[in-house]
1. Under a point spin-label approximation (7 Å from Cα along Cα-to-Cβ), what is the M191-R126 distance to one decimal in nm?
2. Using the Cα centre of the chain as origin and beta-carbon charges of +1 (Lys, Arg) and -1 (Asp, Glu), tell me which of G12, I239, A95 is placed farthest towards the positive end of the dipole.
3. Using the Cα atoms of segment 7-242 to build a convex hull, what is its mean projected area in square nanometres?
4. Specify the inter-centroid distance of segment 91-157 and segment 198-251, based on alpha-carbon positions, in whole Å.
5. For a Förster distance of 45 Å, can you work out the FRET efficiency between the beta-carbons of A51 and D175, rounded to the nearest 0.05?
6. Please compare each pair in K135/K158; K6/K204; K2/K205; K2/K204; K129/K150 to a cut-off of 30 Å on the Cα-Cα distance and tell me which ones are over it.
7. Can you pull the one-decimal nm distance between simple spin-label points at E200 and A248, each 7 Å off the Cα toward Cβ?
8. Between L103, L121, L164, where does the largest GNM mean-square fluctuation fall for the chain, given springs only between Cα atoms within less than 10 Å?
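Bear in mind that the values in this text are calculations on the coordinates, not laboratory data. Note that the structure is predicted; figures quoted are calculated from it, not measured. All Cβ positions, even for glycine, are placed from backbone atoms using ideal geometry, and neighbour counts span all protein chains on display.
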Amino acid sequence: MKLTDKVAVVTGGGSGIGRAISLAYAAEGADVVVVDQNLEGADETVARIVAVGRRGVAIRTDISDPAQITAMVERAADAFGHVDILVNVAGIMTAAALLDTSLEQWDRTLNTNLRGTFLCLQGIGRIMKEQGHGKIINTTSILGTHARPKRGAYAASKAGIILLTQTAAVELGPDGIQVNAIAPGSIETPMVMTAAVSAEAQAKKAAAIPLRRRGEPEDLTGAAVFLASADSDYITGAILTIDGGMTAGIE
Ligand SMILES: NC(=O)c1ccc[n+]([C@@H]2O[C@H](COP(=O)([O-])OP(=O)(O)OC[C@H]3O[C@@H](n4cnc5c(N)ncnc54)[C@H](O)[C@@H]3O)[C@@H](O)[C@H]2O)c1
């Protein structure tokens, strides 16, 4: 096993990609602190972690609220005595053309995806600095580097996460902390599949992907385990695209 007795904090662990990563870490021998604003989802993830013989703790946190992040970091530090891995997955997708985007939508998107990721990285990063080691994995998107209509606020938040990742890699490298990001393409989770798009349009989009299918959350877990394990000890500041080839070429 690649993560035996490591402790991971996974935000957004109550659903989709965050849940798949939490379960993959437990399967590799880690204990997991599952952070989500949806406590029911987080509890379900913890139940599955416990079922494979590892320890799990669910912490309800709205990462758009700085005070809740401060409280979460304290509880996460106490949960299992140390934190080796932080995976920032929690995020929201908002859809509106730029000229129709309200200030409320813009702020909600940036405050959750970008500011939330920053504050979790800062809080847990301070613990890792004291420990002298840590692995941080952020979640950006192919929409952080490739524009699509009606995704302006989301794209800005995900583009910000790329430079946040690289800046953190540069600043925290001397402290023994590696910071990388995964950039998923189109992954079948509630976030994507409940979008207001017909089944026919969804199928057409999937057929246009070079690997001819959308990803499953489990398609990201190999990379997430790799970036959390000793196998990636000389990798920092990397943005790993996992998109079935969506951004490899143009039509
Ligand atoms: N699904 C995709 O195709 C795709 C593609 C690229 C990037 N991503 C990114 O992956 C991440 C996970 O998305 P997913 O597809 O698993 O979606 P999801 O909706 O299944 O999961 C998101 C989780 O984040 C939690 N969350 C949302 N806002 C929160 C907040 N303020 N505080 C705490 N928790 C909060 C939700 O409760 C949920 O459990 C997101 O950052 C998303 O932008 C997803």
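1. 2.7
2. The listed residue farthest towards the positive side: A95.
3. Working: hull surface 49.7 nm².
Its average projected convex-hull area is 12.4 nm².
4. Segment 91-157 and segment 198-251 have Cα centres spaced 18 Å from each other.
5. Numbers: r = 35 Å, r/R0 = 0.79.
It comes to 0.80.
6. Numbers: K135/K158 20 Å; K6/K204 41 Å; K2/K205 35 Å; K2/K204 38 Å; K129/K150 39 Å.
Check vs 30 Å cut-off fails for K6/K204; K2/K205; K2/K204; K129/K150.
7. Roughly 3.0 nm, to one decimal.
8. Residue with maximal mean-square fluctuation among L103, L121, L164: L103.
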